[in-house]
Amino acid sequence: MSVIELTEVYKSFGSVHALDGLNCSIREGDVCAFLGHNGAGKTTTLRLLLGLLEPDQGNVSVFGRSPVKDGEAVRSMCGVLSEDTGLYEPLSVYENLIYYADIYGLPRGEADRRIHDLLELFEMPDKCDLPVKGFSTGMKKKTALIRAMLHRPKLLLLDEPTNGLDPVSTMELRKMLLSLVKDSHATIVLTTHNLEEAQKLCSKIIVFRHGRDIFTGNMDELQKHPEYMENGVFSLEKLYLMLEGGDGR
Ligand SMILES: Nc1ncnc2c1ncn2[C@@H]1O[C@H](COP(=O)(O)OP(=O)(O)O)[C@@H](O)[C@H]1O
Ligand SMILES: [Mg+2]
């Protein structure tokens, strides 16, 4: 089943064509990476999927619904990690999480169990009562990712989840995402500049350039492709450099 369908989508901000005829289709259970340079239209696409922006032209469908007309229903099925995490810094981890659990309408007992389990899973139960304010970027991202998962969303939209993290935090967060991929049947869309991360986590990639999809591929098919091999192993970096017309050829 298709979870996300974008057909010939256009979106401009003044004279900037952020999306310029984008097509993409993401199926249930896909873990899809949006790749592409800064300004290619990745974040704009995520905002369209959540109904936070309206397309100028074209069709956007999430779970068969219009995110603009059916915004509340669509957003209730989504977990979101935005680039700026959007946490309330003076509040503790628990207070941040329970605030959202209330918004999602989770009963208090169930919310407490879920928060407890996720803090255990992400190896931060000792941080529960600490204010978010003093946290590193990595800890803030982890907290925001837990918040995004509280209501067991069917679709997770993660905008640059590992951007700005040091290598250890990146590895930890990647581990979290991997366990998420294994444990949940959720569909995940993430944007990243980190090709290694996309290769390790994702089943599908869509490469954006100037507001269009210039390449879509399923990882299991790409991995068999002799052209993208480096020393006998699939290399997303090589594929990406070929697309960018770099020195991968
Ligand atoms: N709210 C906005 N107002 C004006 N321009 C915007 C706005 N949002 C995005 N843009 C522009 O649209 C283009 C695509 O941006 P974005 O989707 O954020 O790219 P990406 O996430 O791939 O880096 C960029 O040129 C950006 O400056
Ligand atoms: Mg972006």
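Some notes on this structure:
- When you filter the chymotrypsin sites (Phe, Trp or Tyr not before Pro) in region 76-176 for DSSP loop state and at most 13 other Cβ atoms inside 10 Å of their Cβ, you are left with Tyr88.
- In a fully extended conformation the segment linking Asn23 and Glu54 would gain 9.6 nm over its present Cα-Cα distance, using 0.36 nm per residue.
- Hits among aspartates and glutamates - C-alpha to C-alpha of Lys200 under 20 Å, sequence gap 8 or more where chains match: Glu28, Asp30, Asp159, Glu160, Asp166, Glu172, Asp183, Asp220, Glu221, Glu227, Glu230, Glu237
- Segment Leu130-Phe13, length gained on full extension (0.36 nm per residue, minus Cα span): 38.1 nm
- Principal axis dimensions, region 1-74 - Cα atoms, whole angstrom, descending: 35, 26, 18
- The chain, helix-only ellipticity at 222 nm - DSSP H runs n ≥ 4, -39,500 (n - 2.57), divided by all residues, nearest 500: -10500 deg cm²/dmol
- Phi-based couplings in Hz for region 56-67 (Karplus 6.51, -1.76, 1.60; Gly and Pro marked x): 6, 8, x, 10, 10, 9, 10, 6, x, 10, 8, x
- Close Lys-Lys pairs in region 1-157, where close means Cα under 29 Å and separation is 8 or more or interchain: 20
- Binned Cα-Cα distance frequencies in region 106-175 - 10 Å width, integer %: 18, 52, 28, 2
- Here the simple spin-label model places points 7 Å from the Cα toward Cβ, and for Arg65 and Ser184 these points are separated by 1.7 nm.
- Per-residue HN-Hα couplings for region 191-201 [Karplus 6.51, -1.76, 1.60; θ = phi - 60°; Hz; x = Gly/Pro]: 9, 7, 9, 9, 5, 4, 4, 4, 5, 6, 9
- With Cα atoms, 0 to 90° folded angle of helix 93-103 axis to the chain main axis: 80
- Helix axis angle, 137-149 relative to the chain longest principal axis, alpha carbon, degrees: 80
- Counting only Cα atoms, the chain measures 53, 45, 34 Å along its principal axes, largest extent leading.
- Translational diffusion of region 146-249 was estimated from the Stokes-Einstein equation, with Rh taken as the Kirkwood radius over Cα pairs; at 10 °C and 1.306 mPa s the coefficient is 106 µm²/s.
- Computed over every Cα-Cα pair of region 50-167 and binned at 10 Å starting from 0, the pair-distance distribution P(r) comes out as 13, 41, 31, 13, 2 percent.
Since every read-out is calculated from the coordinates, none of them should be taken as a lab result. The structure presented is a predicted model; accordingly, all values stated were derived computationally and were not measured. As a convention, Cβ positions derive from the backbone with ideal geometry for all residues, glycine included, and neighbour counts pool all protein chains shown.
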